[in-house]
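Trainee: This is the structure, below, for whatever I ask next.
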Amino acid sequence: MGSISRRAMLGATGGLIAGGLLKTQADALTVAEESAGPQTAQADPTKMMGAPTSVLGQRAPGEQPRRRMGNPAVTSSSRTPIEELPGIITPADLHFERHHAGVPAIDPDRYELLIHGMVDRPMTFTLDDLKRFPAESRLCFIECSGNGGAAYNRNANPERSPGQIDGLFSTSEWTGVPLATLLREVGVGRGASWVLAEGGDAAVMSRSIPLEKALDDAMIAYGQNGEAIRPAQGYPARLLLPGWEGNAQVKWIRRLELSDRPSMTRDETSKYTDPLDDGTARQFSFVMDAKSTITFPAYPYVLPERGWWEIRGLAWSGRGRITRVEVSTDGGRNWAPAQLQEPILSKCTTRFRHVWNWDGGEALLMSRAIDETGYVQPDLETQIAARGEGTSYHYNSIRPWRVEPDGRVFFAQGDGG
Amino acid sequence: MIRLGQSHPAEESKLRRFALVGLLVGTTLVTYGCMPDTPNGEGGTIASGTAEWPSSFSIGRDATAAEIALLDIDFGPDGAGAPAGSGSVAEGKAVYNVQCVGCHGLTGQEGPNAALVGREPRDGFPFGETRGIRKTIGNYWPYATTIFDYVNRAMPMTFPGSLTADEVYAVAAYILFLNEIIPEDAVMNAQTLPAVVMPARDRFVPDNRVGGPQVR
């Protein structure tokens, strides 16, 4: 349907409403929903009325970002297209997914969170109970600890976009009740030092969390970017552990058991441990170290002409605030401080920018993040030297991007990065 | 599942942990100000907005023992709280060949999903050095109890939680046998499973990353 005939149809509908032919509110809502669908662009929007209000907004027809799906879909992941998003907030429907046995459909009226074990008083909380406690909101990133695995390779595929490499990473405003508030309610028992967090999905996901973190800044979150948490992010409630690996932030949280030792679940022993080249494997490696990536220009973008461009990207640290991001356009020989966009929040994503006059020659773009502990995002060789080539998880090395004279941009791990 | 008051093998370590936790909990008390038996504001500042907090909000309800028992399915390496039941290698083979073989293959190595069986390389633990070594229960799995815990909660994929305790013990026995960790006549139960010493038992170390300039 072309724009003109659609406008004519909407005009006729307006006439019906004005004439009192639509008797119920439900009918009116139906009309509004139908008229909120994608439209083709108008030749001159100043010369005809626009679309009416609607019960649910939609993206512009030409702006339809999508997550990148993994395989198999039920037990794998989908990735946020980070290069397509201009701010730090990830729209909830584009938040990355990593499920271990699919997304459960949980009845919020039957939902309960049990807290027991080494507590003074084992208790159960409904969703309404959780919402009734003093609430808190905070912005923070969640990153899968396996994010960026494709970049931990001297011969990485150059035809990879930022989202394909590092899209198991999203940023949201989370709202909920601090876990410390709930633990205060049940009373932490003498000797308790760990909390087993368990989900209500088909994997009954379970991770042991140090009590120190639970009492510090952990949250039982039920809100995401101003609405209820999406099912794929843990509806109706999830554990939030700011700055820590995503796997430990158990979604669909149904049980917390206080103990004096970790439970040694599968996902803290055979998975989500980092083998090192000294014959050991690092366990309970929760914190996501500082990391950054340039999201523009990057594959598959093609710079159409030389001249002034703004190099843009994202930086984050699980240990606190980003204090500095440096950008290089010559493969790391020279570094310049990037401009950091406020707000710069602890354990949250910070956007950086750096204007660049491209002379049309080959360029190797890099960014490196520095956090408030003084940690500097390492290059791949430094990280390999520290952990070994076969290590797993926590891949936060510098992401190099090669700009070719014809304007094409490629992921350039192996080009000196 | 944990049991209160049971003896712990390392009393000294437990005392250290308690001291640490006492410090943490103490910090929280100061933060919230109004915890019972805690003088308001003593030795610290009361966080804004929490000064008016009661000792309890009286939100939520007590959990019953029956409710807890229904959900409290985990148990750790010491076996405390492991369910009754037992299973032999032969019984496990029968269960495996019906419930597990489709995803993990006849010998536990073929996939298409995770490889469960394999001891190679038998020397050392070169997973950090060398890319692409297949991690299995035989070479990268510190505690045998985790087999029961994981299978019990999450397997088989399409019917999770459908196996009896006897069946889960049996499957654990079969997988351990295929990995040449227990003999063919072994029976796994709440006592024998925690006693199995896994090849990778001592390879796992705490995270030593602390931020700052050092890359680890």
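The values are calculated or read from the model by the stated rules, or taken from the named source; none is laboratory data. Since we're looking at a predicted model, the values are computed, not measured. Methodologically, a virtual Cβ is constructed for each residue, glycine included, from the backbone with ideal geometry; neighbour enumeration extends over all protein chains shown.
Trainee: What are the pairs with Cβ atoms under 6 angstrom where one residue, in segment A:183-196, is at the interface with chain B (Cβ under 7 Å from one of its Cβ atoms) and the other, located anywhere, is part of a helix (DSSP H, G or I) and modelled with pLDDT of 95 or more? Sequence gap at least six, or different chains.
Mentor: A:A192/A:L211; A:S193/A:L211
Trainee: Which condition from (1) more than 7 Å from chain B (Cβ to nearest Cβ); (2) touching a helix residue (DSSP H, G or I) at 6+ places or on another chain (Cβ under 6 Å); (3) under 30 Å from A:A105 (Cα atoms) is the one that A:P242 breaks?
Mentor: For A:P242, the failing item is (2).
Trainee: It is to be established whether one or more residues within segment A:319-332 are among the basic types (K, R), surrounded by fewer than 21 Cβ atoms within 10 Å (Cβ to Cβ) and without any contact (Cβ under 8 Å) to a residue 24 or more places away in the chain.
Mentor: No, every residue in segment A:319-332 fails to be among the basic types (K, R), surrounded by fewer than 21 Cβ atoms within 10 Å (Cβ to Cβ) and without any contact (Cβ under 8 Å) to a residue 24 or more places away in the chain.
Trainee: Could I ask something else about it? For segment A:86-104, which positions are assigned to a loop (DSSP other than H, G, I, E, B) and touching a Pro at 6+ places or on another chain (Cβ under 7 Å)? Break it down into steps so the answer makes sense when it comes.
Mentor: Initial filter on segment A:86-104 (assigned to a loop (DSSP other than H, G, I, E, B)): A:86-91, A:95-96, A:99-104.
Answer for segment A:86-104, where residues must be assigned to a loop (DSSP other than H, G, I, E, B) and touching a Pro at 6+ places or on another chain (Cβ under 7 Å): A:A101, A:V103.
Trainee: Every residue in segment B:117-139 that is within 18 Å of A:Y272 (Cβ to Cβ) and touching a residue at least 40 places away in the same chain (Cβ under 8 Å), please.
Mentor: Passing the criteria: B:F125, B:T136, B:I137, B:N139.
Trainee: Quick check on this structure: which one of A:L314, A:L340 is surrounded by fewer than 21 Cβ atoms within 10 Å (Cβ to Cβ) and under 23 Å from the mean Cα position of the chain (by Cα)?
Mentor: On the way: A:L314 fails: surrounded by fewer than 21 Cβ atoms within 10 Å (Cβ to Cβ).
Only one candidate passes the filter, namely A:L340.
Trainee: Restricting to segment A:210-219, what's the tally of residues that are crowded, with 24+ Cβ neighbours inside 10 Å and in contact (Cβ under 8 Å) with a residue 60 or more places away in the chain? Before the answer, list the steps.
Mentor: Of segment A:210-219, the ones crowded, with 24+ Cβ neighbours inside 10 Å are A:211, A:214, A:218-219.
Checking which are in contact (Cβ under 8 Å) with a residue 60 or more places away in the chain leaves us with A:219.
Counting residues in segment A:210-219 that are crowded, with 24+ Cβ neighbours inside 10 Å and in contact (Cβ under 8 Å) with a residue 60 or more places away in the chain gives 1.
Trainee: Looking at segment A:228-239, can you tell me whether even one residue there is surrounded by 22 or more Cβ atoms within 10 Å (Cβ to Cβ), at the interface with chain B (Cβ under 9 Å from one of its Cβ atoms) and touching a strand residue (DSSP E or B) at 6+ places or on another chain (Cβ under 9 Å)?
Mentor: no
Trainee: Taking segment A:275-304 as the search range and keeping residues that are crowded, with 24+ Cβ neighbours inside 10 Å and more than 7 Å from chain B (Cβ to nearest Cβ), which one is farthest from A:D371 (Cα to Cα)?
Mentor: Restricting to residues being crowded, with 24+ Cβ neighbours inside 10 Å and more than 7 Å from chain B (Cβ to nearest Cβ), the top hit is A:A298.
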